[in-house]
Amino acid sequence: MKRYSAISIALLLMLIVSYGEAASVREVSIDEMLQKSQLVFEGTAVAFEVRENAQKRIHTYVSFEIRDIIKGEYPSNTIKLRFLGGTMGNVTMTVSDMRLPQKGEHGIYFVESLERSQVNPLYGWSQGHFVVEHDPTGNERVMTNNRLAVTGVTENSADAQMTPAKQGMQALSRGIARDIIVGQEKKGNISMTVDEFKRVLHKRLERIQ
Amino acid sequence: MINNSRHYLISVKLTRGEFVMTKKRRKRVLSRFMIAILIAALNMLFTDGLFSILYCPIALPPPGVSPANAYQLDGFSWPQPTTTFYVDIPGADGLWNDSFETAMYSWGVDTIFKYRINRDIYEDPCDLPEGRNGVAFVDTACGDAWGDSTLAITYSYHNGSILNQVDILFNRNDSWNVYSTSWNSWPWVGINDFQRIAVHELGHALGLDHEDSGIPTIMGSYAGDTTTPQQDDIDGVAAIYGCTNFFCDVPPGYWAESYITAIYNANITTGCSQNPLKYCPEDKVTRELMAVFITRALNQVPADGYCRGISPFSDVRFDRWSCKYIKRLAELGITAGYLDGRFGPEDPVTREQMAAFLTKALGAVPPDGYCGVTNPFIDVPFEHWSCEYIKKLAELGITSGYGDGRYGPDDYVTRAQLAVFLSKAFLSPG
């Protein structure tokens, strides 16, 4: 009896002890991103503009040409997103952990809110920011923001699998949403194609909506 | 929502105190709890070890080549290795102020960078940039919504690569406290550790970027339970601002400091890392590294491509980085390799091997039976193969052993010891 009590306490401890991360953004799941993002789209970053407001805060406005909308509605085929930070004259304002899209970048973007101006408009920062690259055969493949190959998405929602104890916990972001499976190598040809990835997102959307 | 109290843990205890416990029962529960912690700790130890094997193979860098530093730099820095934060974060009986100050201090423990503090003077981090660094809990990130997942951010203003101002903002809408146990672990589930994130953000504030290669660092976006700057972070700061010592890892007064400096000045070593400059004094010396050092000391370094497509030993390919040194060492008669035709380039050098190499390099090889029937050191029997070399080395004044009568023939040579051996063997005093 005593032994069972000790083991059960140990199991409980194992459940609630997790590895922490020192970053400023919470880790999110793909389902949470899909649920809480107002707009999810595939597009290309086509123009950049840097502005300084009255408080001398510098923002970078990135215009995207929308190719496909995965979730939500948007009345135009271009959208402008505002990211905090940028260079104005000699002064650069950098925000730690912020990874702005690059000019000409083709990607899939999870926009948290179309109404609010946020530090980073993408849900979970880098977690809601996927980049599409061509493999040597010309196929469009999905990479994470830091160019790791997205090889899959876990079948069951990480949120659903979590115990109540774990659901209360919030790990911090390592730049990749919780359900995304990445290859250790930065090779495009092992990652999902854009169509495969979007199919998974649509399927997940159907399930959670 | 800030957990605005130092008494969070106590309140948990009080809640649990509702159960009436007898002394005997308390003792029993405590012993079970201790067993449970032991099991959990063993589990963590095991999984950590397994993780290391699966994902973090530790590859030793080629000897003589800089070990890979993993730190990432933001590309901007302060003009001097110091800056001042104005710290007045109200609430929690000064807990936030104390913790932020501790976080600032942690960066100065092993680096040249010193954060200075103007305590109890508030500097609004959302004010116009005017060269004063501030920190605060705020409802919005200076007008921009935090978003659902953002806990804290660091704003850095810089002209080119020179920092002018840094502000650190914490999301007031989230739950915070200060603890040093595992992130988000009981009883801190759902609560962020303010101090750990402050240390991380202060790392950004002095010019470090995220580092995700898997080695211990406070700058990882996935940093485990790290709460203070680690060696790689310290190296990163040294790469930006330099360090107090000539070799960052050879502190003033280190027992072999003068010998290490001497062989550096004689171009026998270039250190084990260039930026920051390090010597790695406690690292073991491999046989190929020893070949490098001895050929340099003898001014016998051959030109590149010296092996000309021919491998001098079965385990030293002609295109190996150290081939030319090993080949030259063999030509000089200082080594013949192992009896099976191998050289063992990555094998560590023992102190008895070192004695043989050095006496040969100095042209002072003693005759057979040089030890007679006397042991030169208590752990070097006169009939042992290396006795004559060790005795000769002692007679030349290159070694006096460990000072307790032992020589340690089977002990591996460290880079610090190598510096002493080489200085005494090849460099004139002074």
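Below, the figures for the structure above:
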{"quantity": "Residue satisfying condition, being assigned to a helix (DSSP H, G or I) and either aromatic (Phe, Trp, Tyr) or surrounded by fewer than 16 Cβ atoms within 10 Å (Cβ to Cβ) (or both), within set B:370, B:407, B:402, B:389", "calculated": "B:389"}
{"quantity": "Residue check for residue A:95: in contact with a Leu (Cβ under 8 Å, 6 or more places away or on another chain) and either within 14 Å of chain B (Cβ to nearest Cβ) or exposed (fewer than 12 other Cβ atoms within 10 Å of the Cβ) (or both)", "calculated": "yes"}
{"quantity": "Residue within the stretch B:135-142 that is touching a strand residue (DSSP E or B) at 6+ places or on another chain (Cβ under 6 Å) and facing another protein chain (nearest Cβ under 9 Å) present", "calculated": "yes"}
{"quantity": "Positions within the stretch A:60-89 being over 19 Å from the mean Cα position of the chain (by Cα), assigned to a strand (DSSP E or B) and within 12 Å of chain B (Cβ to nearest Cβ), in sequence order", "calculated": "A:86, A:87, A:88"}
{"quantity": "Among (1) outside any loop (DSSP other than H, G, I, E, B); (2) in contact with a Cys (Cβ under 6 Å, 6 or more places away or on another chain) - the single one residue B:240 does not satisfy", "calculated": "(2)"}
{"quantity": "Single unsatisfied condition, residue B:106 versus (1) surrounded by 19 or more Cβ atoms within 10 Å (Cβ to Cβ); (2) small (Gly, Ala, Ser); (3) facing chain A (nearest Cβ under 7 Å)", "calculated": "(3)"}
{"quantity": "Some residue of the stretch B:284-292 being surrounded by fewer than 17 Cβ atoms within 10 Å (Cβ to Cβ) and in a loop (DSSP other than H, G, I, E, B)", "calculated": "no"}
{"quantity": "Flag for residue B:156 being surrounded by 18 or more Cβ atoms within 10 Å (Cβ to Cβ), among the polar types (S, T, N, Q), free of Cβ contacts under 8 Å to residues at least 24 places away in the same chain and assigned by TED's automatic domain parsing to the domain that holds residue B:80", "calculated": "no"}
{"quantity": "Set B:328, B:342: member being in a loop (DSSP other than H, G, I, E, B) and modelled with pLDDT of 95 or more", "calculated": "B:342"}
{"quantity": "Residue among B:225, B:232 that alone is within 14 Å of chain A (Cβ to nearest Cβ), at pLDDT 90 or above and farther than 21 Å from residue B:80 by Cβ", "calculated": "B:232"}
{"quantity": "Selection from the stretch A:150-209 of residues that are surrounded by 15 or more Cβ atoms within 10 Å (Cβ to Cβ), under 19 Å from the mean Cα position of the chain (by Cα), modelled with pLDDT under 85 and assigned to a helix (DSSP H, G or I)", "calculated": "A:158, A:159, A:188"}
{"quantity": "Residue list for the stretch A:105-149, filter: among the hydrophobic types (A, V, I, L, M, F, W, C), more than 21 Å from residue A:80 (Cβ to Cβ) and more than 14 Å from chain B (Cβ to nearest Cβ)", "calculated": "A:142, A:143, A:149"}
{"quantity": "The stretch B:185-222 - residue that is among the hydrophobic types (A, V, I, L, M, F, W, C) and under 15 Å from the mean Cα position of the chain (by Cα) and, of those, farthest from the other protein chains (Cβ to nearest Cβ)", "calculated": "B:215"}
{"quantity": "Single residue of B:106, B:99 found to be at pLDDT 90 or above and touching a Ser or Thr at 6+ places or on another chain (Cβ under 7 Å)", "calculated": "B:106"}
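The values are calculated or read from the model by the stated rules, or taken from the named source; none is laboratory data. What you see is a predicted model; the values in this text were computed from it and never measured. For neighbour counting, all protein chains shown are included, and Cβ atoms are generated from backbone atoms with ideal geometry for every residue, glycine included.
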